[in-house]
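Right, one structure below, let's go through it.
Where a number appears in this text, it was derived from the coordinates with a stated rule and is not lab data. Every value quoted in this text rests on a predicted model; they were computed, and no experiment measured them. Here the Cβ is made from the backbone with ideal geometry for all residues, glycine too, and neighbour counts use every protein chain on show.
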């Protein structure tokens, strides 16, 4: 097989496998969204003695999640854990990918105040390693592969466990052109998976993760409150990080009894589901209505909602209801911004929200550029400079203080 044929064959099967990864991601989101909406938006709402049935439903969820953690271990794995493992070992075990997605799906549909992004991204990383191992098999067995019938080739490429070659640095090609081509193809496969996911979401008419926070007509007078807003956001983020550490210590009991711990978390879900159902899940669905409805509430109420949401997030994470914290933190940070906007009626609302939300989320998640890009999706283009300046200011500020601390030590 010549290089051109090999390239196109790898390209062709890479497109198929990356499309499958995009489709699996869509199925996960589709099931989570629709099952959750049916259970919490229709079934539980229409039942008599609603409170009793919500309690039973949450306790059932606690039993299932706890039993699965006791039987299978610490699932779902988060993206942070999976990526760290991949960096350290250059490969990882992708056999539990559907186990990972199943536990994450159950946690989400039972109402935990976490996001789908951690488990989903973890699964995507696992599946991407599986795809890479498939491409590696095709590369190192190209002569044998070339002699197979078409259906046998496809069967080998789609087989979930066989016909893979794991990464071995001793076998990895070192030619610069090959390495650069490989990186370009991998990037293309990622984009293809995203396109496939997006198309399926559009075809299924699924709601977007991104909500519009409104229009901005900010002027130079708004810059007078910029630094105080950023400092407030940083302070809020620091307080949350301190609270997060305390909650980890507080919930260090029952480490050998995941069922009891999960049931404790299910009681928190019951309380939120009964009295503040809009705070269930990650908050991304409710976020779209905030710009229109925030004016109906006082700043104090909005602050209380932010606190409740973040406490709920930590209770879930520390009782085995594992999930993503990016969406809940961004939701709370944006809501915090709207609370501050209530106190500053003579300044641009969206300007205030963007400055507070960016500084708070960056401080908590410790990823200035990534958080800035993500938060920018919620705001109009006019507010982009505010978000970028906030993120860069915090990034350079952190680097400055870290360098000063090193010199002192």
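Would region 3-78 count as rounded, prolate or oblate if I go by the C-alpha gyration tensor, calling it rounded below 1.5 in a/c and otherwise prolate when a/b exceeds b/c, oblate otherwise? Oblate shape, in that a/c is at least 1.5 and b/c is the bigger or equal ratio.
Comparing 136, 153, 69 in a Gaussian network model of the chain (Cα springs below 10 Å), the most mobile by mean-square fluctuation is 153. For the chain, the longest principal axis of the C-alpha atoms and the axis of helix 97-109 are separated by about 20°.
Peptides 36-42, 252-258, 121-127 ranked from most to least packed by the mean count of surrounding Cβ atoms within 10 Å: 121-127, 36-42, 252-258.
The GNM of the chain, with springs linking C-alpha atoms under 10 angstrom apart, assigns the highest mean-square fluctuation among 244, 205, 260 to 205.
Here 232, 396 are placed in order of increasing Cβ neighbour count within 10 Å, fewest first, which gives 396, 232.
Neighbour counts of other Cβ atoms within 10 Å put 289, 216 in the fewest-to-most order 289, 216.
Helix 349-365 axis versus longest C-alpha principal axis of the chain: approximately 60°, rounded to the nearest ten. For the chain, the alpha carbon positions stretch 72, 55, 51 Å along the principal axes, listed from largest to smallest. Reported to the nearest whole Å, the Cα centre-to-centre distance from region 125-176 to region 206-243 is 47. Comparing mean-square fluctuations of 58, 196, 316 from a GNM of the chain with C-alpha springs under 10 Å, the top value falls on 196.
Once the Cα atoms are used to define both axes, helix 226-250 deviates from the longest principal axis of the chain by about 70 degrees.
Fewest neighbouring Cβ atoms within 10 Å first, the residues 269, 109, 373 line up as 373, 109, 269.
The packing ranking of peptides 157-163, 185-191, 91-97, 173-179, highest mean first, is 91-97, 185-191, 157-163, 173-179, where packing means the average number of other beta carbon atoms within 10 angstrom of each residue. Rounded, prolate or oblate: which one fits region 202-251, using the alpha carbon gyration tensor with axes a ≥ b ≥ c (rounded when a/c is under 1.5, else prolate when a/b beats b/c, else oblate)? It comes out oblate by the Cα gyration axes. Over region 3-203, with a single point scatterer placed on each C-alpha, what log10 of the ratio I(q)/I(0) does the Debye formula yield at q = 0.07, 0.09, 0.18 1/Å? With one equal scatterer per Cα and no solvent, log10 I(q)/I(0) is -0.28, -0.44, -1.27.
Of the peptides 102-108, 142-148, the ranking by mean beta-carbon count within 10 Å, highest at the top, reads 102-108, 142-148. When only alpha carbons are used to place a centre, region 246-321 and region 32-84 end up 14 Å from one another.
Once you have a ≥ b ≥ c as the square roots of the Cα gyration tensor eigenvalues for region 280-408, tell me rounded if a/c is under 1.5, and otherwise prolate or oblate according to whether a/b is larger than b/c. It is oblate, given that a/c is not under 1.5 and a/b is not larger than b/c.
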